[in-house]
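Read through the structure below, which is laid out as structure tokens, and then see the notes.
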Amino acid sequence: MKNTMTRAWELYEQGRAYNNRLDPNQYSLVNTNIAFFTGNQWLHMPDTPAMRRLPKPVFNIIKRVASLFVASMTSGGAVIDFSPMDRSTGSEDAKKAADEVANLLDKFKMDYRIREALFDGAQTGDYCAHFYWDPDAKPYGGAFSAYRGQIAMELVDGINVMFGNPADPHTERQPWILLVGRDTVGNLRKEAKLHRSDFLDEDIMPDSETDAMAGIGGKVELGSGKALYVVLYTKATSKTGEQTVHVTKATRNAIIYENVDTGLSRYPIAWGNWEKQKNQYHGRALVTGIIPNQIFINTMFAMVMRHLQLMGFPKTVYNADLIGSWSNEVGQSIAVRGLQPGQSVEQAATTLQPADMSAQILTVIDRAVSYTKDCLGATDAQMGNVNPNNTSALMVLQSASEVPLENTRAGLYEWLEDVGAILLDMMGTYYGTRPILPRQDEERSAELYDFSKFKDLWFRIRVDVGPSTRFSEIAMTQTLDNLRQSGALDVIQYLERVPDRLIPRKAELIEELKAAAELPKAKKPKELPAGGKLSADKVLASQPGRIQAAFSSLPESAQEAIVEKGRM
């Protein structure tokens with residue numbers, strides 16, 4: 001019977017062998033520190049003397065398109081909400097779950113993590129979030145000193161995640177999941193001593209593996225003090241008869257902890273693909289298949305620049321027997337000797353005009369750029385290369401340009417729903433009874449709650465995303481302007497709905513207008529009972545402006561006289 005450490009490393013070797021059979025373009029960028037996103041596309045160019053003499057221009061189409069797509073999918077904040085099976089009894093528990101998940105997402109800085117994960121997906125095809133329990137952390141910065149432990153999150157490169165069934169992208173159907181990473185020997189030894197009383201420092205030593213095995217790239221020196229480790233997640237039947245997740249962490253020569261029952265019912269790993277592929281868990285990246293296009297565009301531009309450097313300027317040819325040396329200095333005299341009688345000075349030198357370059361070259365470059373963007377789904381309307389005169393037409397074009405991203409966006413929402421399910425499982429397993437704070441937009445008052453209820457409750461998890469683009473804001477503002485002009489909205493209602501960034505200090509302005517509106521109400525004249533007659537407010541509104549301005553300061557008898565006269 002093999003021990004767990006030996007099995008974990010055998011699984012690791014199997015995962016490496018599977019990844020090595022993948023499309024080389026998919027993970028070649030990982031091993032070169034994402035060459036196309038650092039602007040150094042020339043790492044993939046042939047290393048020949050002719051290429052070394054060429055200029056090194058970078059027209060990074062891939063980076064701009066990837067940044068545009070990521071920004072488009074993350075333009076609105078994501079909120080994970082929970083709905084109970086029975087609304088009559090579970091609504092309060094669902095609200096508590098949503099509140100705590102919102103607090104955790106704030107702690108994770110999830111908006112930034114989503115962008116980071118999508119950039120991983122655009123470059124390598126995969127993005128992965130790993131959640132774990134930190135027993136020593138202080139929740140809410142130590143505000144509640146009696147409580148310890150909180151959920152932590154880290155993003156893991158897709159090549160460092162290995163599935164037991166690589167033909168299935170669903171985590172919950174995996175027989176095991178292996179995570180690969182590198183850490184300092186000091187940290188690994190410290191962690192091992194917390195779990196093993198018989199551990200010796202000599203059990204974990206710096207290794208001489210290459211970082212490429214962990215998807216980083218480059219050699220590791222023996223004295224760097226780092227070691228490769230694996231974390232193996234499996235599912236087994238616990239003592240209570242339920243199937244729970246067990247975890248083992250080990251280096252090549254030592255076990256840090258082995259077969260620990262986490263109590264979780266789900267793998268704490270959320271896995272997502274930029275574009276799904278059949279019969280494998282790795283996805284297809286945005287840049288896959290268009291790397292040759294990017295190299296061609298930059299190479300052709302480099303050749304055009306080199307041609308202009310060599311042939312783009314006129315050359316002077318002169319008779320060395322008549323002219324000792326030639327100078328292009330402005331205003332410099334050039335001496336000519338030995339002219340024959342009747343010979344023109346113009347015959348001593350002449351200028352060769354530069355050779356023309358074929359116009360097809362620039363046409364092909366423009367076509368390559370245009371077709372590449374079209375194939376990626378990055379239209380001019382989406383990239384902002386149009387004049388926003390006709391807002392309605394642009395909104396239609398922009399909505400159509402978002403269609404290629406719908407599958408990727410749906411994958412992101414599914415990933416976030418998995419995140420919500422994992423957090424719910426971990427809260428129910430580890431939290432117990434502890435304080436909880438409501439969401440940021442509500443009054444902040446802590447109350448105790450028993451999170452262990454979540455283990456026996458079922459919630460429907462839904463991701464709500466509110467998109468916010470410049471064209472949708474323009475359309476919304478124009479609609480509000482039309483409602484204001486038609487009288488359907490007053491000033492306060494208009495300001496409460498207009499985007500915050502359009503009006504500085506909007507909240508203060510609203511409060512001032514509300515305060516100003518309360519003053520006339522305090523001195524509002526007593527309404528005269530007149531049956532079907534006009535009310536005092538309507539009578540006052542029909543009076544001249546100077547009477548309206550002075551009305552509130554008049555005695556009550558004078559106010560009644562003005563109102564009665566206005567009704568006649």
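Things worth noting here:
- When the C-alpha to C-alpha distance is required to be over 27 Å, the pairs from LYS278/LYS373; LYS56/LYS315; LYS276/LYS373; LYS193/LYS455 that qualify are LYS193/LYS455.
- Once the chain from ASP136 to ILE334 is taken as fully extended at 0.36 nm per residue, the excess over their C-alpha distance is 62.8 nm.
- Accessible area, probe 1.4 Å, largest first, for residues SER91, SER197: SER197, SER91
- Here the gap between ALA167 and LYS455, fully extended at 0.36 nm per residue and compared with their Cα-Cα distance, gives a gain of 100.6 nm.
- Label zone of GLU512 (point 7 Å out along Cα→Cβ, amide N under 20 Å): in the stretch 476-504 this covers 490-504.
- A protection proxy built from the mean count of other Cβ atoms within 10 Å ranks the segments 424-434, 8-18, 488-498, most packed first, as 424-434, 8-18, 488-498.
- Placing a label point 7 Å from the Cα of ALA446 along the Cα-to-Cβ line, the residues of the stretch 139-154 whose backbone N sits under 13 Å from it are 139-149.
- Peptide packing for 234-244, 446-456 was compared via the average number of neighbouring C-beta atoms within 10 Å per residue; ordered from the highest value, the list is 446-456, 234-244.
- Stretching ARG196 away from PHE144 to a fully extended chain increases their span by 15.7 nm, per 0.36 nm per residue minus the current alpha-carbon distance.
- For the pair ARG16 and SER486, label points projected 7 Å from Cα toward Cβ lie 6.9 nm apart.
The values are calculated or read from the model by the stated rules, or taken from the named source; none is laboratory data. Nothing here was measured: the structure is a model prediction, and the numbers come from that model. In this analysis, Cβ positions are derived from the backbone assuming ideal geometry, glycine residues included, and neighbour counts consider all displayed protein chains. Calculation scope for accessible area: heavy atoms of the full protein, side chains included, ligands and nucleic acids excluded. Shrake-Rupley method; radii C 1.70, N 1.55, O 1.52, S 1.80 Å.
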